[in-house]
Amino acid sequence: MKTLKRYTLDIPTEVSGRPVTNRGVHLQPFGYHGFWMDREAQDQYWTKLMKAMGISWVVLLTEGDSVVENRNGTTPLEVLLDAGIIPIIRDKIEFPDGFVNFRTVERTVDICARYGLHPFWQLYNEPFDEREWRNRKVPPHDEAWGIIAGRWSAGARAAAGAGAYVGFPDGPCYSENPFERLRAAGGLDLFRERVAFYAPHSYGLGRPLWYPYDAVTRHGAALTEEAYSRILDDMASDHQWRDAPVAMVNEQRRQWADPNRTAIDDDTCWRGWEKIAWWAMQSLGEVPPMAMTEGGWTPRARAGVSPVDNRWSYTTPQMVAKKTLRMFDSPSPFFAICPWLLASEDMGGTGWFDDAWHGGAFPQRYGRAKPVISTLQARAPRELLPLSEPAVTDLDDDTRDWDWVHQSLGAKYRRGAEPVVLPGQQPAPTMRLVEVLEYEGPATLEVIVVDAGGLPVEGAAFYHHFPGAPSISTTGDTSPVDEWYDHAVLRWTDAQGRIAFAAGGPACPPESCREAIWPQGKGDVLEHLGLLAGTRNRHLNGVWQLGAVVGEEGGGPGNGGDGGEDGDHGGNDGDGGGDGGSQILSGWEVSVEHRPGPRILAGRLHEAGITLTVADPW
């Protein structure tokens, strides 16, 4: 298998006794810290809140030396580091001025050294936004690029020389390769020397997490009235949130459908980091570390100006919470993900009323703390508590669970066999199913394979089983047959880490779909797949991650593991079943398996009123 070359920075695994995860937040939109520091001196309100949310990083603006200003006997930088929260310091400076805040950089180097890390400095911010230029005057394109590349390269070289890691600010969405613009000014060398990181502002802008690979973008999947109300959740009855009729939404979806669109073509989305990686491979031959220093989802935001992208409803505060959690859990190259915005007025500022997670917007529903805060408090970071089940997203980019998958699509998954490790050998990285995506459009079942950084994995071998598939022993694979099924087609992921398997049979109801996909070597299997009857080829696609860690499996329908629910591998349904092995018993079946850990019985009875008596033979 082939993965893209990438480098990492020297980041400790823990700071002040707290593990470092990818969770972060943009602290406030200004560079003065007296208001929240005074509150911290009283009751440590803000650091306690962030720790409860699992936050490891904050974007911290500095105006002059405000980030190291002594207040109440300490500094904002030390308060955060004492709480195990690492600041990414954004110097509030305008173009065309040069960076001159070197004394503050040196002081942060000295402070951070006591905590075992380098300070992280982002120089400048959104270079082509007129608000980042003195008197809001942006020069012509080439002249502006000369100033941006020259000022950043000179300032970053001095800051790195003092011992800091330096971040290059995002456009966002540059129209050309920024690494090539840095080359002549010497800035590209800072990435080669591995002291620089890229700091994009990856805003979702109402679009799905997997945009532009979702079925709406690519195939114009239609919105229903039921889905419209569901994704507006507690705002569904408010006409201010239901701004576009379903017919108008679906017409734009139909007209804008583009089956070949990628994040290289359209990087106005969270996955815009794919374009950065693409540019970096062209200029550097490797992908640099990335820290998202703004971005994520905010209420009501949409992409575009004229025309506006109305293909999805406004993002509600409840949906901001769901998408933010999924963003943290989804594989990506970001070592820190700091979405906009923790607070403004509640930290002594003004503006950004709706965006702030903590503030006065929607007080009648949520009070001062918006749903994203309670959502993050309820779910530990994946680095500390790995997800036990693959994440599930439906056609409307709503979060679902495996009960819904089983009831709506009939599918399930099973964790694969652990690789055999011979004495003296290192274990091979496992391939874990980490996400499933409801999809519709072409008559294909798609596989996406990524590495630990969310980047594509080329050459990963996958089997596709379907009724009538050839025997594995006749497909050219000469290795011993020990797979989930003994009939399947073998293919490999392309340079984008993808395979599109042609569906192996006609459309079917959920309970009778009999296709399966898994990595060669009896890896995690996604099964009971197929194109659903009565739909536009609705089905599930799967995302597998190389080297992913998964938590202990829970019970409940759809999580598989018993090898025999519904007689899936019984060998009498025409599927050429492998080693799963139970026979179908007079209309229903329940299987029980003893596993380490809590004693849980998981199964499914196909009618109500059946008495089940359980004895413990162990």
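The values are calculated or read from the model by the stated rules, or taken from the named source; none is laboratory data. Quantities reported herein were computed from a predicted structural model and do not represent experimental measurements. All Cβ positions, even for glycine, are placed from backbone atoms using ideal geometry, and neighbour counts span all protein chains on display. Ligands, DNA and RNA are excluded from the accessible area calculation, which covers all protein heavy atoms including side chains. Shrake-Rupley method; radii C 1.70, N 1.55, O 1.52, S 1.80 Å.
Brief remarks on what is shown
- Full-stretch length increase - Asn72, Arg134 - with 0.36 nm per residue and alpha-carbon distance subtracted: 18.9 nm
- Taking packing as the residue-averaged number of other Cβ atoms within 10 angstrom, the listed peptides 19-31, 372-384 run from highest to lowest as 19-31, 372-384.
- Sulfur and carbon atoms: percent of accessible area, segment 280-337 [1.4 Å]: 51
- Summarising the overall dimensions of segment 280-332 from its C-alpha atoms, the Rg and Dmax are 15.1, 40 angstrom.
- When a 1.4 Å probe is rolled over the protein heavy atoms, the share of accessible surface on segment 42-146 that falls to carbon and sulfur comes to 43 percent.
- Relative contact order of the chain, pairs being alpha-carbon contacts under 8 Å that are 6 or more residues apart, as %: 12
- Whole-number percent relative contact order across segment 39-111, with pairs defined as alpha carbons under 8 Å at least 6 apart: 33
- Rounded FRET efficiency, nearest 0.05, which uses the C-beta distance separating Arg379 from Glu226 and R0 of 41 Å: 0.95
- Annotation: per residue accessible area for segment 229-362 equals 33 Å², rounded to a whole number [probe 1.4 Å, protein chains only].
- Helix 273-283 vs. the chain, principal-axis angle (Cα, 0 to 90°, nearest 10): 70
- Ser332 sits with roughly 10 Å² accessible to a 1.4 Å probe, with DNA, RNA and ligands left out of the calculation.
- Cα gyration tensor shape for segment 299-419, rounded if a/c is under 1.5, else prolate or oblate: prolate
- Under a model in which nothing but the beta-carbon of Lys, Arg (+1) and Asp, Glu (-1) is charged, segment 202-245 shows a dipole of about 260 debye around its Cα centre.
- Checking the cross-link pairs Lys48/Lys370; Lys275/Lys323; Lys92/Lys137; Lys412/Lys522 against a 19 Å limit on the alpha carbon distance flags Lys275/Lys323 as lying beyond it.
- Rounded if a/c under 1.5, otherwise prolate or oblate - segment 123-224, Cα gyration tensor axes: prolate
- The residues of segment 31-71 present an accessible area of 40 Å² per residue when probed at 1.4 Å with all protein chains retained.
- 0 to 90° range, to nearest 10: angle between helix 102-113 axis and the chain longest Cα axis: 50
- Ranked by the mean number of other Cβ atoms within 10 Å of their residues, highest first, the peptides 465-472, 57-64 come out as 57-64, 465-472.
- Taking every protein chain into account, the 1.4 Å probe leaves Met248 with about 100 Å² of accessible area, to the nearest ten.
- DSSP beta bridges in the chain [antiparallel fraction, %, rounded to 5]: 50
- Each residue, Glu458 and Arg192, gets one label point 7 Å from its Cα in the Cβ direction; the gap between the two is 2.3 nm.
- Extension gain for Gln42-Ala113 works out to 22.8 nm (0.36 nm per residue, less the C-alpha to C-alpha distance).
- Square roots of five times the Cα gyration tensor eigenvalues for segment 61-130, Å: 23, 12, 11
- Tensor-based shape of segment 1-97 (alpha-carbon gyration tensor, a/c under 1.5 rounded, otherwise prolate or oblate): oblate
- Distance between modelled label sites at Ser237 and Ala502, nm, 7 Å Cα→Cβ extension: 5.2
- Extension reserve of the Arg254-Ala144 stretch, reckoned as 0.36 nm per residue once the Cα distance is removed: 35.7 nm
- Of (i) 41, 29, 24; (ii) 62, 35, 19; (iii) 45, 26, 26, the label for semi-axes √(5λ) of the Cα gyration tensor in Å derived from the coordinates: (iii)
- Computed over segment 75-143: relative contact order in percent, which uses C-alpha pairs under 8 Å that are six or more apart: 36
- Its residue count N sets the reference 2.2 N^0.38 Å, and the alpha-carbon radius of gyration of segment 135-183 equals 1.24 times that reference.
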